Amino acid sequence: MKYILFFLIILTPINMYGQNKSDYGLKMFKNANCNSCHQWHGNGGGSYGGAAASIRDTGLDKEGLKKIVECGRPGTNMPYFSKKAYKDDRCYGLKLIDFEGEDENRPLPARKMLNDRQIKALINFIMDDLKGKPVSKDYCLKYFGKPTRVCEEL
């Protein structure tokens, strides 16, 4: 029993953190469905929810990105991804109750919520791999995981 517990304690962190931090952030980008609006390349553009902002051209710093991911943007199609959002006043000083009767301004919950660790990985991925960088063939191959026609055009 001691050995099983020892291996669980030792191997769990290795398994969780053995992957590249950027790869885990990309996984969160895909799992949270960020690519459905901001596109695979992060340049944004037209999507089912309207025109999404370019993550590559954003002027937001790390804290600003974290706030947007956690809290979304009320009155827009940018959803919030934190389970804690709008339960207290951490999001723009507002709670969900403050939006009662205002359906058009009410913040939208994401289909898949992220925990703090996942949000941090996503923000680090955006800062390290997308923000201020051009779309590259290397990023394309990383995103798709294999050569594609899209990547060949870069």
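Nothing in this text is a laboratory measurement; each read-out follows from the coordinates by a stated rule. If you're wondering where the values come from, they're calculated on a predicted model, not measured in any experiment. Cβ coordinates were reconstructed from backbone atoms using ideal geometry, including for glycine residues, and neighbour counts include every protein chain displayed.
Observations on the structure shown:
- One residue from 98, 89 being charged (D, E, K, R) and in a loop (DSSP other than H, G, I, E, B): 89
- Count of residues meeting criterion [assigned to a loop (DSSP other than H, G, I, E, B), in contact (Cβ under 8 Å) with a residue 60 or more places away in the chain and exposed (fewer than 15 other Cβ atoms within 10 Å of the Cβ)] in the stretch 20-34: 1
- Residue match in the stretch 98-114 (condition: within 12 Å of the chain's Cα centre (by Cα), charged (D, E, K, R) and at negative phi): yes
- Residue in the stretch 136-154 that is surrounded by the most Cβ atoms within 10 Å (Cβ to Cβ), counting only those that are charged (D, E, K, R) and farther than 17 Å from residue 24 by Cβ: 137
Per-residue answers, yes or no, for (1) closer than 25 Å to residue 134 by Cβ; (2) of a type in the set (Gly, Ala, Ser); (3) surrounded by 16 or more Cβ atoms within 10 Å (Cβ to Cβ):
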{"position": "36", "(1), (2), (3)": "yes, yes, no"}
{"position": "39", "(1), (2), (3)": "yes, no, yes"}
{"position": "42", "(1), (2), (3)": "yes, yes, yes"}
{"position": "47", "(1), (2), (3)": "yes, yes, no"}
{"position": "68", "(1), (2), (3)": "yes, no, yes"}
{"position": "74", "(1), (2), (3)": "no, no, yes"}
{"position": "80", "(1), (2), (3)": "no, no, yes"}
{"position": "87", "(1), (2), (3)": "no, no, no"}
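- In the set (1) in contact with a helix residue (DSSP H, G or I) (Cβ under 7 Å, 6 or more places away or on another chain); (2) assigned to a helix (DSSP H, G or I), the condition left unmet by residue 112 is number (2).
- Flag for residue 129 being without any contact (Cβ under 8 Å) to a residue 24 or more places away in the chain and of a type in the set (D, E, K, R): no
- When each of 45, 25 is tested for being within 28 Å of residue 146 (Cβ to Cβ) and touching an Asp or Glu at 6+ places or on another chain (Cβ under 8 Å), the lone residue that passes is 25.
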